[in-house]
Amino acid sequence: MATQDYVQNTSNTTDRVVAFFKDREKAYEAMSRLKDAGISPEHIGLAVGENYAGSGTTGTREQGTGTHDSSFWQKVKDFFSSDDRDSESEFESAGSDMGWDDQRYQYYQQGIASGGAIVSVTGTRASEARRILEQCGGDLRDSGFESNNVIPGSESGRTGLTGSDRSDVEGERRIQLRGEILRTYKERVQRGEVRLRKEVVTENQTVNVPVSREELVIERTSGTGPASGEIGRGEEIRVPLSEERVRTEKQPVVNEEVRVGKRRVQSNEQVSDQLRHEELRVDKEGQVDT
C-alpha cells in the first residue's frame, strides 16, 4: 500500500469539517480560499498521495526524491510555512485520529491513491469553511460510503474490492435484474367554461307619493247695514285652485358589482398501474451447489 503525506495542523476542538477532492489542485485552490477568508493555516489539514502518477499538469512525486511536481509541493510548503510544528504524518494514523469507520477510511484511501486529496478544517469557523469547501466542489458527506465503493475519479468503474475479496471468484459474469417504475406527468386541460352575461328583467314597482291640492272654502254670514251699489249689477270673483301631480322619471344606478377571477385549488389524486420487474430464478440440474 502506497504511503500518503498528510499535512495536518490540529487544534483542541471537536469542530471539524472534512472534504474530499478528486483533483488535488482543486484541493489546494480550496485551501487558498480558506486562507483568504481569514482561516489560519494551523486549522487546515491536507492529505495527498506520495506515489501517485498523475497526468497533464499534476505530474508525479516519487517518494524521497521530491524532483517531480515540485511546483505543487512548493505551494503546499509555502502554504504551511508559518507553522513551526512538524506537520508530516502517515495517512493511516491521521485517519485513525479522525475516528472514521472502515468504509469511509477505505473510500478516502482509494481516492487519494487515484490522485485526489482531502482537506480538513478544525476550529470555531468550521461551518464557514464548509460553505467554502462546497463552493469549490468538495465532497463533504458523512455517510453513504458503504454503498459507493468506486474509487473516486476512476473512469473504469472498478469497485474497491481487494484481491483477497475476489480471489475465489473465477469467470465472473453479471446479469441485470430490470424493473419498471411508475412515473407521473401532469398536463393542464380545460375542464369546463363559465360564461357571465347580463339580462334585462322588467318588473313593476309601486311607490306611494304624498300630494296636496287646494279646495274652495265658502263661508256665509248674516249681512248688516245698508247695501252699496245698485241691485242687479253683477260682480264676479275668480279663485284659482291648484294641486300636485306626480311625474316619474327613470334614472340608471349601480345596484351591485360582480367580480370574476380564478383560483387554484390543490388536491390529491391517486393513480395506479401494473408494474413489472425481473426476479432471479436459479434452475439446477444435477448435483450443483450455489
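Consider only pairs whose beta carbons are under 9 Å apart and that are at least six residues apart or on different chains; among these, list those whose first residue lies in region 244-263 and is closer than 20 Å to residue 192 by Cβ and in contact (Cβ under 8 Å) with a residue 24 or more places away in the chain and whose second residue is of a type in the set (A, V, I, L, M) and surrounded by fewer than 10 Cβ atoms within 10 Å (Cβ to Cβ).
Close Cβ pairs (under 9 Å, with a partner that is of a type in the set (A, V, I, L, M) and surrounded by fewer than 10 Cβ atoms within 10 Å (Cβ to Cβ)) amount to 258/196; 260/194; 260/196.
Which residues, taken from region 161-181, are closer than 29 Å to residue 109 by Cα, under 41 Å from the mean Cα position of the chain (by Cα) and either outside any loop (DSSP other than H, G, I, E, B) or modelled with pLDDT of 50 or more (or both)?
If the condition is that a residue be closer than 29 Å to residue 109 by Cα, under 41 Å from the mean Cα position of the chain (by Cα) and either outside any loop (DSSP other than H, G, I, E, B) or modelled with pLDDT of 50 or more (or both), then 174 is the only one that fits.
I'd like to verify a number: residues in region 13-33 that are among the charged types (D, E, K, R) and assigned to a helix (DSSP H, G or I), how many?
5
Can you name the residue in region 209-239 that is loosely packed, with under 10 Cβ neighbours inside 10 Å and within 30 Å of residue 250 (Cα to Cα) and is also nearest to the chain's Cα centre (by Cα) among such residues?
209
Among the residues of region 125-135, are any part of a loop (DSSP other than H, G, I, E, B), of a type outside the set (Asp, Glu), under 20 Å from residue 15 (Cβ atoms) and modelled with pLDDT of 55 or more?
The answer is yes, given that some residue of region 125-135 is part of a loop (DSSP other than H, G, I, E, B), of a type outside the set (Asp, Glu), under 20 Å from residue 15 (Cβ atoms) and modelled with pLDDT of 55 or more.
Taking region 234-275 on its own, how many of its residues are of a type in the set (Asp, Glu) and in contact with an Asp or Glu (Cβ under 7 Å, 6 or more places away or on another chain)?
Number of matching residues: 1.
Assess whether residue 274 counts as being under 30 Å from residue 178 (Cα atoms), at pLDDT below 90 and either in a loop (DSSP other than H, G, I, E, B) or more than 60 Å from the chain's Cα centre (by Cα) (or both).
No.
Can you give me the number of residues within region 185-208 that are over 39 Å from the mean Cα position of the chain (by Cα) and of a type outside the set (Val, Ile, Thr)?
Count: 9.
Just to be sure I understand the filter: pairs with C-beta atoms under 7 Å, separated by 6 or more residues or on different chains, first member in region 206-233 and touching a residue at least 12 places away in the same chain (Cβ under 8 Å), second member surrounded by 10 or more Cβ atoms within 10 Å (Cβ to Cβ). Which pairs pass?
If the second residue must be surrounded by 10 or more Cβ atoms within 10 Å (Cβ to Cβ), the pairs left are 211/244; 212/244; 213/244.
Would you confirm whether any residue within region 187-201 is more than 30 Å from residue 273 (Cα to Cα), modelled with pLDDT of 90 or more and polar (S, T, N, Q)?
Scanning region 187-201 turns up no residue that is more than 30 Å from residue 273 (Cα to Cα), modelled with pLDDT of 90 or more and polar (S, T, N, Q).
The values are calculated or read from the model by the stated rules, or taken from the named source; none is laboratory data. Note that the structure is predicted; figures quoted are calculated from it, not measured. With ideal geometry, Cβ positions are generated from the backbone for all residues, glycine too; neighbour counts draw on all protein chains shown.
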